[in-house]
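Just below is one structure, and these are the notes that go with it.
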Amino acid sequence: LFSTDGLAQYVDPSNYGDPMEAVRTFAAEIEENQIKLESTIGGGEFAEVFKGFYDGSAVAVKRLKQGSSLKAMDDFISEASIMGQFKHANVIQLKGVVTTTRPMMIVTEFMEGGSLDSFLKEQKGKLTTLQLIGMIRGVASGMAYLSAINFIHRDLAARNILVGENMICKVSDFGLSRELEEDDPDSEYQTQGGKIPIRWTAPEAIRYRKFSSASDVWSFGIVVWETMSFGERPYWDWSNFQVMDRVEGGYRLPVPVKCPKIVHSVMMDCWDQDRTQRPRFEEILKRLDNLIRTPEMLHDELVCYTSAVSADFTKLNTIGEWLKSLHMEQYNANFKTAGYKDLTQVTCLK
Ligand SMILES: CCCCn1c(-c2ccccc2C)cn2c3c(=O)[nH]c(=O)n(C)c3nc12
């Protein structure tokens, strides 16, 4: 199954009928005695997560709890079948699975920074805007890849992003079964039994379970807000009902402290009520790359400054002269390196 851009399209494991056949197709079987478990690093309702070693490198191991239901086993296996189809620098890399012996395990590369939400809380105030945008850009790149192969995540949130060396961010948690704890405030039972993390989910997905890459874009906007807020909880202590009610009424999360307005405008576009109007991940990636390439666009004070300074255009013929009059010709050089037109040639509209 190949799409126009040559990327193999994601195959839903349930197409294979037997989950065990799917996992044999997409994941390497590892012998349990080759894995050394070192310490517990996380856990949920169905599985525990360990740091360990396999084949000479550090790994993360998700181990299914003994006595899990058949459905929990199928969901566990299907996550490996899904991950085994992905290969991208910003998507967690599967190393292999243990399925022929019990307990079953999923083995991935080890991400030393842990989950993005806890990383941000630990780093509060210590990261520059540019570093935060670099992390967000990685998530956008991973999501652009996943949406290009028609994979819909459904649970994109900072808690499901992992941080590696050099603060590289990778999309994780592809479980069909939501690892949302029963008592997890983010889980909200929906009529069909699926749990939905309300404050990260697009209105149309909450209202009538219309999940799509466009609803993943909405969730991505929430992840951007979480990142620029150093791990603040979206909508703070509002109840899930208040979130649904107020968002339906048009409320949107505000600009986080010290967050450039241009970054908040990306979030606002992701939160368009009309999912067809939301940007695609490809477009978001380009907008973030432009911000990273021209960091001065991140200085709101500059934007206010230029709008505040009233230049007398009648005496100036080109934008280059205007920049010169503001002693900002340096920005013209930056714009040129960023691939924009040479502003000294661009005449001012009279
Ligand atoms: C949000 C992911 C939760 C489970 N998980 C996984 C993971 C995710 C999906 C399938 C299998 C595994 C082992 C890797 N890692 C890691 C990791 O590499 N490094 C970490 O520090 N933590 C806390 C992890 N937690 C996980």
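When GLY175, GLY125 are checked against the criterion of being part of a loop (DSSP other than H, G, I, E, B) and either more than 14 Å from the ligand (Cβ to nearest atom) or modelled with pLDDT of 95 or more (or both), a single residue qualifies: GLY125. Looking across segment 35-68, the residues that are without any contact (Cβ under 8 Å) to a residue 60 or more places away in the chain, touching a helix residue (DSSP H, G or I) at 6+ places or on another chain (Cβ under 9 Å) and either acidic (Asp, Glu) or more than 15 Å from MET111 (Cα to Cα) (or both) come down to ASP55, LEU64, LYS65, SER68. Only a single item in (1) in contact with a strand residue (DSSP E or B) (Cβ under 6 Å, 6 or more places away or on another chain); (2) without any contact (Cβ under 8 Å) to a residue 60 or more places away in the chain is not met by ASN90, and it is number (2).
The sole residue among ASP272, ASP312, ASP342, ASP245 that is farther than 30 Å from GLU122 by Cβ, modelled with pLDDT of 95 or more and exposed (fewer than 14 other Cβ atoms within 10 Å of the Cβ) is ASP245.
Checking each residue in segment 108-122 for being assigned to a strand (DSSP E or B) and within 6 Å of the ligand (Cβ to nearest atom) picks out THR108, GLY114, SER115.
The values are calculated or read from the model by the stated rules, or taken from the named source; none is laboratory data. Quick caveat, the model's predicted, so the values are computed rather than measured. Neighbour counts run over all protein chains shown; Cβ positions are idealised from the backbone, glycine included.
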